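Novice: Sharing a structure, written as structure tokens. Questions coming.
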Amino acid sequence: MPRRSGRRPSSCASVNVLVAFCDLDDFKTINDDLGHHAGDEVLCVVADALRRVVRGRDLVARFGGDEFVIVVSGVEGETEARLLGERLVVSVRELDAPVSLSVGICGPGPASETTLMRRAADEAMYETKRAGKNSWTHRRWEPTAG
């Protein structure tokens, strides 16, 4: 089996991405009031809704608990970040589920920096929570961010 250096291919640097960090608002209440089985069902329904927002080539992954990370590739500008934020929040708002979504988005930036962009998106998500939840916050990628 070939060894990998752990470095991303140089082509990653030329691909711009957006990284979104999403957290379900008040999800603990579902688990506490309705049980973990109901919570698992809500997570599956939300994951499906988030996947419908992005293209098949983009990544939607459960990060842990009630958090999801989304990586959208081939992004040209900040307008796409605003559209993504709104579509993600609305996709959960339209569900027949007692949750809403807080989203932080970072980018566009080089795919080679997704780890740092994820951290910046996580911080932006907490800004959304502090501002009242059920919305999104966008941060421009800056090489010193994260």
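The values are calculated or read from the model by the stated rules, or taken from the named source; none is laboratory data. Please read all numbers here as calculations on a predicted model, not as lab measurements. Heads up, the Cβs are rebuilt from the backbone with ideal geometry, glycines too, and the neighbour counts pull from every protein chain shown.
Novice: Looking at (1) closer than 13 Å to V19 by Cα; (2) among the β-branched types (V, I, T); (3) in a loop (DSSP other than H, G, I, E, B), find the lone condition where T144 falls short.
Specialist: (1) is the only condition that T144 fails.
Novice: I've got another one for you. Test D40 against the criterion of being more than 18 Å from V19 (Cβ to Cβ) and at pLDDT 95 or above, and give yes or no. Step through it out loud before you land on a result.
Specialist: On the way: more than 18 Å from V19 (Cβ to Cβ): yes; at pLDDT 95 or above: yes.
In short, yes.
Novice: Looking only at segment 90-112, count every residue that is more than 17 Å from G77 (Cβ to Cβ), assigned to a helix (DSSP H, G or I) and in contact with a helix residue (DSSP H, G or I) (Cβ under 9 Å, 6 or more places away or on another chain) and tell me the total. Walk me through how you get there before you give the answer.
Specialist: The first filter runs over segment 90-112 and keeps only residues more than 17 Å from G77 (Cβ to Cβ), leaving 90-104, 112.
Then drop every residue that is not assigned to a helix (DSSP H, G or I), which leaves 90-93, 112.
Restricting the remaining residues to those that are in contact with a helix residue (DSSP H, G or I) (Cβ under 9 Å, 6 or more places away or on another chain) gives 90-92, 112.
Within segment 90-112, residues that are more than 17 Å from G77 (Cβ to Cβ), assigned to a helix (DSSP H, G or I) and in contact with a helix residue (DSSP H, G or I) (Cβ under 9 Å, 6 or more places away or on another chain) number 4.
Novice: Given the conditions (1) farther than 27 Å from S14 by Cβ; (2) of a type outside the set (A, V, I, L, M); (3) without any contact (Cβ under 8 Å) to a residue 40 or more places away in the chain; (4) part of a loop (DSSP other than H, G, I, E, B), which single one is not true for R52?
Specialist: (4)
Novice: Would it be correct to say that V72 is modelled with pLDDT of 95 or more and either more than 30 Å from L34 (Cβ to Cβ) or in a helix (DSSP H, G or I) (or both)? Outline the logic, then answer.
Specialist: Values: modelled with pLDDT of 95 or more: yes; either more than 30 Å from L34 (Cβ to Cβ) or in a helix (DSSP H, G or I) (or both): yes.
Spelling it out, V72 is indeed modelled with pLDDT of 95 or more and either more than 30 Å from L34 (Cβ to Cβ) or in a helix (DSSP H, G or I) (or both).
Novice: Let me ask something else. When you go through T137, T144, T128 one by one, which is the residue that is hydroxyl-bearing (S, T, Y) and modelled with pLDDT under 95?
Specialist: Numbers: T137 fails: modelled with pLDDT under 95; T128 fails: modelled with pLDDT under 95.
Matching residue, one of T137, T144, T128: T144.
Novice: Scan segment 113-127 and give yes if some residue there is more than 11 Å from the chain's Cα centre (by Cα), of a type outside the set (A, V, I, L, M, F, W, C) and not in a helix (DSSP H, G or I), otherwise no.
Specialist: Within segment 113-127 (the criterion being more than 11 Å from the chain's Cα centre (by Cα), of a type outside the set (A, V, I, L, M, F, W, C) and not in a helix (DSSP H, G or I)), the answer is no, since none of the residues qualifies.
Novice: On the given criteria, is E127 in contact with a Gly (Cβ under 9 Å, 6 or more places away or on another chain), surrounded by fewer than 21 Cβ atoms within 10 Å (Cβ to Cβ) and among the acidic types (D, E)? Steps first, answer last, please.
Specialist: Details: in contact with a Gly (Cβ under 9 Å, 6 or more places away or on another chain): yes; surrounded by fewer than 21 Cβ atoms within 10 Å (Cβ to Cβ): yes; among the acidic types (D, E): yes.
Yes, satisfied.
Novice: Taking segment 47-71 only, how many residues are of a type outside the set (D, E, K, R) and more than 12 Å from V103 (Cβ to Cβ)?
Specialist: Going through segment 47-71, the residues of a type outside the set (D, E, K, R) turn out to be 47, 49-50, 53-54, 56, 59-61, 63-65, 68-71.
Retained after the next criterion (residues that are more than 12 Å from V103 (Cβ to Cβ)): 47, 49, 54, 56, 59-61, 63-65, 71.
Counting residues in segment 47-71 that are of a type outside the set (D, E, K, R) and more than 12 Å from V103 (Cβ to Cβ) gives 11.
Novice: Among the numbered criteria (1) surrounded by fewer than 21 Cβ atoms within 10 Å (Cβ to Cβ); (2) out of contact with any Ser or Thr (no Cβ under 6 Å at 6 or more places or on another chain), which one does V46 miss?
Specialist: (1)
Novice: Take the residues in segment 10-28 that are of a type in the set (V, I, T) and modelled with pLDDT of 95 or more; name whichever of them is farthest from D96 (Cα to Cα). Step through it out loud before you land on a result.
Specialist: Here is the first cut: in segment 10-28, the residues of a type in the set (V, I, T) are 15, 17, 19.
Imposing the further condition that a residue be modelled with pLDDT of 95 or more reduces the set to 17, 19.
Details: V17: 30, V19: 26 Å.
Among them, the one singled out is V17.
Novice: May I ask you to list pairs of residues, at least six apart or on different chains, whose Cβ atoms are under 7 Å apart, with the first in segment 73-101 being on the phi < 0 side of the Ramachandran plot and the second being among the acidic types (D, E) and not in a helix (DSSP H, G or I)?
Specialist: S73/D58; V99/D25; V99/D26; S100/D25; L101/D25
Novice: Given the residues R7, R52, which is the only one that is over 16 Å from A124 (Cα atoms), modelled with pLDDT of 95 or more and among the charged types (D, E, K, R)? Step through it out loud before you land on a result.
Specialist: Values: R7 fails: modelled with pLDDT of 95 or more.
Every option except R52 fails the conditions.
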